[in-house]
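Colleague: If you scroll down you'll find the structure; I have some questions about it.
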Amino acid sequence: MYRPTLIVLGALAVAACTAEPPPRSAYYSYPPPEQGAPPPAAAHQRADRTPAGPEPVRSIGAGVLASSVAEGYMDNEESSMRTALRGSGIIVARTGNDLLLNIRSDSLFGTSVSLSDRGEALVERISEVVRKFDSTRIVIDGYTDTTGTRTQNIDVSQKRADAVAKQFSDDGVESRRLAAKGFGDEILKIPTGPKVNEPRNRRIEIRITPIVKA
């Protein structure tokens, strides 16, 4: 009574064992490696795709502050800045309603005028705060020690200040809020004679000032 059923099941088992395995591409997620390059339309679309920019933030401010609220506004920005830069080694000072960030150039540039990876990361941490508190201006001043000539020092300090300003802009800070100037060895933090290698004199100072109604 059960013999025909057993015969059928046996035949199915043999067929299953001798069946061809699925194509290798079926084991890959889409698209499989064997597909090669995308079709021309897709390739064109990829080439024209705009890289993702900085994450959007909700800004606090309307471009210009009433003088009666400027102090409280900068209190909040100072608190946010200190939190963002905790453990970074960047000195955050307050003069009236201005914030002043003092950053040794060695932390940003190493020995060149281009920001290092660490320098970019540090500027990005500052950018996240100043993008949020957008009723401020940001002035970047560059300084050197006395090891170079006056002309060389002015040139190096200007290029470094410009590099920081460009990174701010790349991070989404509006260019109209930024200014950069190199002072070379004109204003020494640690007074020295000529041709003295003093890391504390090689620095970037960033002044953040509220935009207040006249």
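Colleague: Asp98 to Ile190: FRET efficiency via 1/(1 + (r/R0)^6), r the Cβ-Cβ distance, R0 25 Å, to the nearest 0.05?
Modeller: On the way: r = 23 Å, r/R0 = 0.90.
For R0 = 25 Å, the calculated efficiency reads 0.65.
Colleague: Hey, another quick one. Pulled fully out, how much extra length does the chain show between Glu198 and Val64, if you take 0.36 nm times their separation in residues and subtract their Cα-Cα distance? Intermediate values should be presented prior to the final figure.
Modeller: Working: separation 134, 0.36 × 134 = 48.24 nm, distance 3.96 nm.
That works out to 44.3 nm of additional length.
Colleague: Then there's this: Once phi is turned into θ = phi - 60°, what whole-Hz ³J(HN,Hα) does the Karplus curve with 6.51, -1.76 and 1.60 give for every residue of the range 124-138, x standing for Gly and Pro?
Modeller: The phi angles translate into 4, 5, 5, 4, 4, 7, 6, 5, 6, 9, 8, 8, 9, 9, 10 Hz.
Colleague: Here is a follow-up. In µm²/s, what is D for the range 67-210 at 4 °C and 1.567 mPa s, where D = kT/(6 pi eta Rh) by Stokes-Einstein and Rh is the Kirkwood radius from Cα pairs? The partial results should precede the final answer.
Modeller: Numbers: Rh = 15.3 Å.
Result for D is 85 µm²/s.
Colleague: Taking the mean number of other Cβ atoms within 10 Å as a proxy for protection, how do you rank 159-165, 119-125, 170-176 from highest to lowest?
Modeller: So the order, starting with the most tightly packed, is 159-165, 119-125, 170-176.
Colleague: With a cut-off of 8 Å between alpha carbons and a minimum separation of six or more residues, what is the relative contact order of the range 67-210 in percent? Walk me through the intermediate numbers first.
Modeller: Working: 264 pairs, mean separation 45.6, N = 144.
Reported as a whole number, the value is 32 percent.
Every number here is computed from the coordinates shown, using simple stated rules; none is lab data. Just so you know, these numbers come straight off a predicted model, no measurement behind them. When we count neighbours, we look across all protein chains shown, and the Cβ atoms used for this are built from the backbone with ideal geometry, even at glycine.
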